[in-house]
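**Student:** The structure that follows is given in the form of structure tokens.
The values are calculated or read from the model by the stated rules, or taken from the named source; none is laboratory data. Note that the structure is predicted; figures quoted are calculated from it, not measured. Don't worry about glycine lacking a Cβ; one is built from the backbone with ideal geometry, like all the others, and counts go over all protein chains shown.
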């Protein structure tokens, strides 16, 4: 009897112990899985066709870009195809939704007048038709500092100061240190231009060499106070470790999320917070992490992909987002299967199946290549031949070719035609 009792008692103790171990292991596994989902969950976790969190059936969105007017010969074709894809998207958008195209640039050029863009006008209400809106913005490289008074010129139109919230000491530092950095204004418009876009429920901060797809017409971030970020291509083991060390040097927190893209879709407030800290991080990196030869691009791409001055804004965004995720508990999520998608994908089902919202021209010679387009290599293709091809490659090609065949006035009339069919 004594021999059988001991194992029985042992089993009585072992079984509850194993149950506890299993429960703890399951909990830890679920927590780890959920933590991963916070960054890498499928698209449908973050996007809905409608949202009950908004206060009305109207959804107000804006696409925000910086446009260098002094380089119009090079960039006008990109504005044309962005504009063309924007109005194509609106064919599929709810009549109660409003998506404006906002362009920050120094001059209300004839091109924008021909497109029918309005200048320095903030959206007044949700029933206004969709508009192309120009806000006159003085780029960093042109914010000269008077050597006598030390006063910096900040505005294109001093009568419209209320359109921008300018941190004057930081503006001065940006001019002194980063005026030659090519991508500084794409970040600064979000940091300073908040009064022009705070009205919207959601904004899409992006570059001009992009296409808006019809999927964008139906999807908004799942959470009203969240932000989706696109795909970046700058991360390596070396710079991930280096950026974590830099965050410690700055007394910033660091979540360890790599490859954060330059395209952001979501809350205007969160976008502004990220942009503001990105500028601070860029100034720190400039002063502490790059030698003069690197800043002057004398090394070219010799150190790429481990460390490269050309992606300074990406490093700054990396530091800002990783810090804000912890320090302010901001809801920022990587959506690198939705935003910044390739224009070279020939898959007929990819756009629809994977909810691709936004295509971005990368540095490639494959179709669709912005470089080949600008060289006229696709001029023999008629966009009509692409109507039955639903791939990202064909969509980008068709939008670009159509935008080139249409006059600016015709593009503007297309917008007015769509706007006239909107709910009042």
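**Student:** I'd like to check something: does the stretch 249-267 contain any residue that is within 27 Å of residue 58 (Cβ to Cβ), at pLDDT 95 or above and in a helix (DSSP H, G or I)? Spell out the reasoning first.
**Tutor:** Step one: of the stretch 249-267, the residues within 27 Å of residue 58 (Cβ to Cβ) are 263-267.
Next, from what is left, pick out any that are at pLDDT 95 or above: 263-267.
Next, from what is left, pick out any that are in a helix (DSSP H, G or I): none.
No, the stretch 249-267 contains no residue that is within 27 Å of residue 58 (Cβ to Cβ), at pLDDT 95 or above and in a helix (DSSP H, G or I).
**Student:** Could you say whether any residue in the stretch 383-391 is under 20 Å from residue 216 (Cα atoms), crowded, with 23+ Cβ neighbours inside 10 Å and in contact (Cβ under 8 Å) with a residue 12 or more places away in the chain?
**Tutor:** Checking the stretch 383-391: not a single residue is under 20 Å from residue 216 (Cα atoms), crowded, with 23+ Cβ neighbours inside 10 Å and in contact (Cβ under 8 Å) with a residue 12 or more places away in the chain.
**Student:** Let me ask something else about it. Quick one: count up the residues across the stretch 284-314 that are within 21 Å of the chain's Cα centre (by Cα) and surrounded by fewer than 11 Cβ atoms within 10 Å (Cβ to Cβ).
**Tutor:** Count: 0.
**Student:** Can I ask one more? Assess whether residue 51 counts as being over 24 Å from residue 396 (Cα atoms), surrounded by 13 or more Cβ atoms within 10 Å (Cβ to Cβ), under 22 Å from the mean Cα position of the chain (by Cα) and at pLDDT 95 or above. Let's see the steps before the verdict.
**Tutor:** Working: over 24 Å from residue 396 (Cα atoms): yes; surrounded by 13 or more Cβ atoms within 10 Å (Cβ to Cβ): yes; under 22 Å from the mean Cα position of the chain (by Cα): yes; at pLDDT 95 or above: no.
No, not satisfied.
**Student:** Can you tell me which of (1) over 14 Å from residue 271 (Cα atoms); (2) assigned to a loop (DSSP other than H, G, I, E, B); (3) at pLDDT 95 or above is the one residue 233 doesn't meet?
**Tutor:** Among (1) over 14 Å from residue 271 (Cα atoms); (2) assigned to a loop (DSSP other than H, G, I, E, B); (3) at pLDDT 95 or above, residue 233 violates only (3).
**Student:** Still on this structure: From 224, 177, grab the single residue that is surrounded by 15 or more Cβ atoms within 10 Å (Cβ to Cβ) and out of contact with any helix residue (DSSP H, G or I) (no Cβ under 6 Å at 6 or more places or on another chain).
**Tutor:** Numbers: 177 fails: out of contact with any helix residue (DSSP H, G or I) (no Cβ under 6 Å at 6 or more places or on another chain).
Residue meeting the stated conditions: 224.
**Student:** Check 271, 281 and return the single one that is buried (at least 19 other Cβ atoms within 10 Å of the Cβ), assigned to a helix (DSSP H, G or I) and in contact with a strand residue (DSSP E or B) (Cβ under 6 Å, 6 or more places away or on another chain).
**Tutor:** On the way: 281 fails: in contact with a strand residue (DSSP E or B) (Cβ under 6 Å, 6 or more places away or on another chain).
After ruling out the rest, the residue left standing is 271.
**Student:** Still on this model: Being assigned to a helix (DSSP H, G or I) and either more than 20 Å from residue 73 (Cα to Cα) or without any contact (Cβ under 8 Å) to a residue 40 or more places away in the chain (or both) is the filter here; which residues of the stretch 398-424 pass it?
**Tutor:** Of the stretch 398-424, the ones assigned to a helix (DSSP H, G or I) are 398-405, 408-419.
398, 401, 405, 410, 413, 414, 415, 416, 417, 418, 419, listed by residue number.
**Student:** Please indicate, with yes or no, whether at least one residue in the stretch 344-358 is touching a strand residue (DSSP E or B) at 6+ places or on another chain (Cβ under 7 Å), over 27 Å from residue 254 (Cα atoms) and either assigned to a helix (DSSP H, G or I) or at pLDDT 95 or above (or both).
**Tutor:** Scanning the stretch 344-358, I find at least one residue that is touching a strand residue (DSSP E or B) at 6+ places or on another chain (Cβ under 7 Å), over 27 Å from residue 254 (Cα atoms) and either assigned to a helix (DSSP H, G or I) or at pLDDT 95 or above (or both), so the answer is yes.
**Student:** Ok, one more. Within the group 372, 341, which residue is closer than 24 Å to residue 267 by Cα and at pLDDT 95 or above? If you could, list the steps in order and put the result at the bottom.
**Tutor:** Values: 372 fails: closer than 24 Å to residue 267 by Cα.
Within the list 372, 341, the selection yields 341.
**Student:** Scan the stretch 93-127 for residues that are at pLDDT below 95 and exposed (fewer than 15 other Cβ atoms within 10 Å of the Cβ) and jot them down.
**Tutor:** Passing the criteria: 95, 96, 124, 125, 127.
**Student:** Output the number of residues of the stretch 342-361 satisfying the condition of being under 15 Å from the mean Cα position of the chain (by Cα) and without any contact (Cβ under 8 Å) to a residue 60 or more places away in the chain.
**Tutor:** We begin by selecting, within the stretch 342-361, every residue under 15 Å from the mean Cα position of the chain (by Cα); these are 342, 356-361.
When the remaining residues are screened for being without any contact (Cβ under 8 Å) to a residue 60 or more places away in the chain, the result is 342.
Residues in the stretch 342-361 being under 15 Å from the mean Cα position of the chain (by Cα) and without any contact (Cβ under 8 Å) to a residue 60 or more places away in the chain: 1 in total.
**Student:** I've got another one for you. Condition first: crowded, with 23+ Cβ neighbours inside 10 Å and either assigned to a helix (DSSP H, G or I) or out of contact with any helix residue (DSSP H, G or I) (no Cβ under 8 Å at 6 or more places or on another chain) (or both). Now tell me which residues in the stretch 205-220 satisfy that. Show your work before the answer.
**Tutor:** Here is the first cut: in the stretch 205-220, the ones crowded, with 23+ Cβ neighbours inside 10 Å are 205-206, 210-213, 216, 220.
Listed by number, the residues that qualify are 206, 216, 220.
**Student:** Separate question: Given the criterion more than 13 Å from the chain's Cα centre (by Cα), surrounded by fewer than 24 Cβ atoms within 10 Å (Cβ to Cβ), free of Cβ contacts under 8 Å to residues at least 24 places away in the same chain and over 29 Å from residue 395 (Cβ atoms), identify the matching residue among 239, 251. Explain how you work it out, then say what you get.
**Tutor:** Values: 239 fails: free of Cβ contacts under 8 Å to residues at least 24 places away in the same chain.
Checking each option against the conditions leaves just 251.
**Student:** Here's another thing I want to ask about it. For the stretch 180-204, how many residues are surrounded by 18 or more Cβ atoms within 10 Å (Cβ to Cβ) and part of a helix (DSSP H, G or I)? Steps first, please.
**Tutor:** Of the stretch 180-204, the ones surrounded by 18 or more Cβ atoms within 10 Å (Cβ to Cβ) are 181, 183-194, 196-197, 200-204.
Filter again for part of a helix (DSSP H, G or I), leaving 184-192, 194, 196-197.
So the count comes out to 12.
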